[in-house]
Every structure is written in C-alpha cells, then in structure tokens.
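What follows is a short report on a single structure.
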Amino acid sequence: MYCKLLSAIVLGVEGRLIEVEVDIAAGLPQVNVVGLPDPAVRESIDRARAAIHNAGMKFPLDRITVNLAPADMRKQGSAFDLAIAAGILCASGQMQHDELEGALIIGELSLSGEVKPVPGVLAMAENARSAGLRRIFVPPASAHEAGLIEGIEVRSVPSLADWIGGRSRTGAMAQPTINAGTAGEPVSGVPLDLADVAGQLQGKRALLIAAAGMHNLLFLGPPGTGKTMLCRRLPSLLPPLGDEEALEVTKIYSVSGKFPGARAGLLRERPFRAPHHTISTSGLIGGGPVPKPGEVTLAHRGVLFLDELPEFGRGALESLRQPLEDRHVTIGRARGVTRFPASFMLAAAMNPCACGYFGGDQSEQACSCSVGSLARYRARMSGPLADRIDLQVEIPRQPVSFAGGGMSSADARERLGVAYERQQRRYAAAGIRWNSELSGSLLGQHARLASDAEALLTGMYSRLGLSYRAHDRILKLSRTIADLEDCDSVGLEHVAEAVQYRALDRQTPGYESGVSRERKAGREGDLTQSPAKSRRKTAES
C-alpha cells in the first residue's frame, strides 16, 4: 500500500515543497526514513507512533518505508510529523486520502496527538500557492499566519484525533493590517519623538537626509551628546512597509520563529535592530550548521543600529562590508549554499577616541589618549567600512542652557513625504525604491550634476583623496538632498552639503574640520531651511 502527500521545509527564507511518500509492505515490523533526514526528522516516527495510538488508531506492524523527496536535499525540523502520520494512516486504510490531494500538510506532533506550530509557515504557504496548491493544513496557532497568503484555503488541525474524526476547521483568512509595534523591539508605550532631542540641528538634518534616501549614517562625538537618542528616533521618521516589503519582512520573522502570533497581519513598521557589541559574527551575519538569519537579515528593509561601533569585534564589523554593497548575505556550508536578504540602513554611533573627549572643548574635559591609543581606537573601524557610510557626522557637546527640541517627528515625516514621492515616481520602472540603491547607468541618469557642482566634486575628489565608491555615494546623497528641497536637478549647494558629511575622510589627529569650526562659531543652520550660502562658503574655503 502506497500514499504520497506534500509537506515543506524552509531554505534560507523561502519555502520548498517536499513529497512525503509512505509505503507499507508485508515483513518484519520496521520503519525506515530515507531522503537525508536529520535526527529531528528520524524521531518523528516515534512521535507519530505515540500520537496514532493516543488518537485511537492502530500503528501498522509491517515494514514501513518513508521517503522524503527530493532525496538529495537534507531535511531538518519537525514540520513533517503531521504529514508522516497522515501518510501512514492513509497507506494503512485508516484515513481517507481524498481531501489530502493537492494539499500542503505542516505541523509537529506531541505524544498525545496535539498539533504544535512550527516556524516558517508563512514562507511555506506562499510557496504552496505558487505551486498551485489549493489547501493547507496547519496547527491552530499558525492558521492566521498562513491566512496572510491569499488564494489558498487554510484548515487548522487541533489534534490528530480531531482530524481523523473530520473535525478540522477552516482558518480565518487574516488580512494585512498595521501591527502595534516595531519589529524586533519591545513596545515601551512611550513613543520616541525627534523633538525630545534638544539642539543638535546638524545631527537632525543628517538624520532627515538619511531617512529620506535610506543612507548609511555614523554619528561621531563625545559621550552624552545625543548620538544614540538621535539614532533611536529613526523608526519614527521612516514610512511604513509596502505590501511587497511587508511580506518579505514577515516571512523573515516567521522563519526566525519571531512572528508575533498575537497580531493579525503583516508587519508594517520597519524593523529596528540594535544588537549588543558582544554579538558574534554568526549572530550578526547569520550562520550555523543549518544557516539561520542574522541581525542584518532581521533588519531587512529597516535599520541596523550599532551603538559604540568600535567595541564590536573586528571580524563582525568587516563582515558587514559585502552586505552593505550586495544587499544580501550568501552563506556556504558543506550541505549547500544559503542566501538571505539584507537590504538595510546602517546607523552607528561612536566616540572620537577611547576616553571619548578627543577634539572636544578643552575647558570641559581634556582628552587623555596618546597618539598611539587614538590611532588604535580609530583602526578598529577599517577604511573600507567607513567608505560605505554615506553620512559621517560630528555631534558636538551642547550647552546646558540650550532649550527646545525644534522639529518633531511628525513635522519631519511631512517634509520627508516630498522626497519619498519623488523617488517612487522616478524609480517606478527601475526595480529600486531609494536613492541609496542607485548604481551604474541609473546613477548617471538620475544624479546628473550641473557644471559648477561637477567641478566642486572633482576638486574634492582630489583634495580629500576619496575613493570612487565615496564619489558615487556623494552623488547619491546629493540626489537625496535635492529631493528634500523638491529640486529636479542636483546643484552646487546639494553637492557642497553632501561633501560636508564625509567627516572621517577629512579628519586626522590634530586636524579640525570646517564643519566643526562652523558649529563652534555658532553658525548652525535652521533644520527646516537648506543652508546653501553657508555650505558654499565652507566648500570654497
């Protein structure tokens, strides 16, 4: 007697259909599971045997062979339990096979026969719909998650006994709705607003530009100046995820076992991940014997915030270089190669030196670092990594008397709406969403400079010793600044401002940048206005 059903596994963040074949033949009682199963899959036979007995059915005392196809793909996890138990019951004539044809079966069995949830149901359900399946059987706890995929009937199976008795229930088709919190961060109940940060107009301007084009951002300054406060307010400026983006992000959190089961829809707020500096390279990038998503993938379509950047391990930081360029992570193992999406905005904060006071006001706190100590501290972040950060902004200490936060997050979102709309119209047919994703011919087409702006950038390229990557990132940043000003063309003032945000390219020990001198002279511009005259004067100097 033979029976074939369908189940699924997750490879990376995508589902993959697996055929579960069960053959029962006369012979000594024996069960063999073939098709490269891992220990969790082999143990499914013991769970299925106990669940079948406790459901009031008979486990066949014959020779049973279970094949998981394709046979050359390694299978892991407990998602096959329900399909294997159903295959054994159908092959032995104790369960009807009709309603299981063209259906996907997912679920882990307890010894009592209860069906437990497994991670990655959303990715499996999407793959089932793409393959033309019309029905999916899932645990009750996963019914609303599978229901996020339209066009497929979802039936929940509370237990094996209920299923055999014909008491599976049609799952509610949950519709995509806005979730109540930020993915990856606990909801504190207190919204973070840009107006909470007093002063720091230059930092707020940089934050606005970074949010407008999803550009990588680094704040550099003494401790206690508001670097972390500014970065943690990035989610309050970013737009909600679109439908396609929301499905991508929700699939990642489903595969990682972090799907918010109590919520009814797709995750709509952009992820904000802030790992501690003790994180390993595998934790940051992803990995393991069976590769799992890391923080860069959990931050997909959102923000990865690295506070105290030089305190992270050198290996972990250097591993960010490829994802920042390619927007995905490829992890190779002996079992195969897995690819994870990793299109995120990097936001980081660091002190200028180990003690934190290099380049500050000597009347308040003097730097105690030697030249060698300063060089070693700066070397913790390599030049190639710094080259990939679009905005490198100095955040000076604010006077105690400074009052008022200025622009709120709501005001900032209103201003950012102009830049978002311009990018949506411009890249509607290009397959990208943000200025930071421009490359090749698209960059030359959409970030074409006026003659005076081109001359300025060419001069700065030589004077600052910029790499060609930095040159292109200044072009992208200039395009975003022009979008914020609602300008079609990229002009001299936009390039001049973009160049000012390359603080690490201009800094050497004992050298004070023009931007710092402007701040100390009290010439910080209004955040709501483009300080073109001030930027041009600084660039010409």
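We did not get these values from a lab; they are worked out from the coordinates using the rules stated. Every value quoted in this text rests on a predicted model; they were computed, and no experiment measured them. Cβ: placed from backbone, ideal geometry, glycine included. Neighbour counts: every protein chain shown.
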*Given a cut-off of under 8 Å on Cα pairs at least six residues apart, what relative contact order in percent is computed for the stretch 32-163?*
24 percent
_Could you list ASP472, ASP486 so that the one with the fewest beta carbons within 10 Å of its beta carbon is first and the one with the most is last?_
ASP486, ASP472
*Pop out the ³J(HN,Hα) list for the stretch 83-94 in order, Karplus 6.51 cos²θ - 1.76 cosθ + 1.60 with θ = phi - 60°, rounded to Hz; leave Gly and Pro as x.*
5, 5, 4, 5, x, 5, 5, 5, 5, 8, x, 9
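Over 28 Å between Cα atoms, which of LYS227/LYS251; LYS58/LYS292; LYS251/LYS476; LYS58/LYS116 qualify? Spell out each step's value before the answer.
On the way: LYS227/LYS251 32 Å; LYS58/LYS292 38 Å; LYS251/LYS476 30 Å; LYS58/LYS116 22 Å.
In this structure, LYS227/LYS251; LYS58/LYS292; LYS251/LYS476 exceed 28 Å between Cα atoms.
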*Tell me, what ³J(HN,Hα) does each residue in the stretch 423-429 have, in order and in whole Hz, if you take phi through Karplus 6.51 cos²θ - 1.76 cosθ + 1.60 with θ = phi - 60° and put x for Gly and Pro?*
5, 4, 5, 5, 9, 4, 9
*Potential extension, ALA131-GLN365 segment - 0.36 nm per residue separation minus Cα distance*: 77.7 nm
*Using modelled backbone amide H atoms (1.01 Å from N, in-plane), which distant-in-sequence or interchain residues come within less than 5 Å of GLY147's amide H?*
ALA174
*Charge-dipole axis of the chain as Lys and Arg at +1 and Asp and Glu at -1 on Cβ define it, positive-most pick from LEU309, SER343, CYS353*: CYS353
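Scan the stretch 383-453 for chymotrypsin sites (Phe, Trp or Tyr not before Pro) in coil per DSSP, keeping those whose Cβ has at most 16 other Cβ atoms within 10 Å, and list them by number. Don't skip to the answer; put the middle values down first.
On the way: sites: PHE402, TYR420, TYR427, TRP434; in loops: PHE402, TYR427, TRP434.
Loop-located and lightly packed - PHE402.
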_Could you give each residue of the stretch 200-205 its phi-based ³J(HN,Hα) in whole Hz, using Karplus coefficients 6.51, -1.76, 1.60 with θ = phi - 60°, and x for Gly or Pro?_
6, 5, 5, x, 5, 4
*Residues with amide H under 5 Å of ILE18's amide H, sequence separation 5 or more or different chain, H placed in the peptide plane at 1.01 Å from N; which?*
SER7, ALA8, ILE9
*Relative to the longest principal axis of the C-alpha atoms of the chain, give the angle of the C-alpha long axis of helix 468-484, reported between 0 and 90° and rounded to the nearest 10°.*
90 degrees
*Considering every Cα-Cα pair within the chain, what fraction, in whole percent, is farther apart than 45 Å?*
28 percent
*Computed over the Cα atoms, what is the radius of gyration of the stretch 2-170 divided by 2.2 N^0.38 Å, N being its residue count?*
0.94
*Point-charge dipole on Cβ atoms (K/R +1, D/E -1) for the chain, about Cα centre, debye to 20*: 760 debye
_Estimated FRET transfer efficiency (GLU311, SER467; beta-carbon r; R0 25 Å; 0.05)_ = 0.45
*Taking HIS446, HIS300 and counting other C-beta atoms within 10 Å, the order from fewest to most*: HIS446, HIS300
*Nearest 10 degrees, 0 to 90: what angle lies between the long axis of helix 44-54 and the longest principal axis of the chain (Cα atoms)?*
50 degrees
_Under 5 Å between amide hydrogens, which residues at least 5 positions from VAL490 or on another chain qualify, with H placed 1.01 Å from N in the peptide plane?_
ALA450
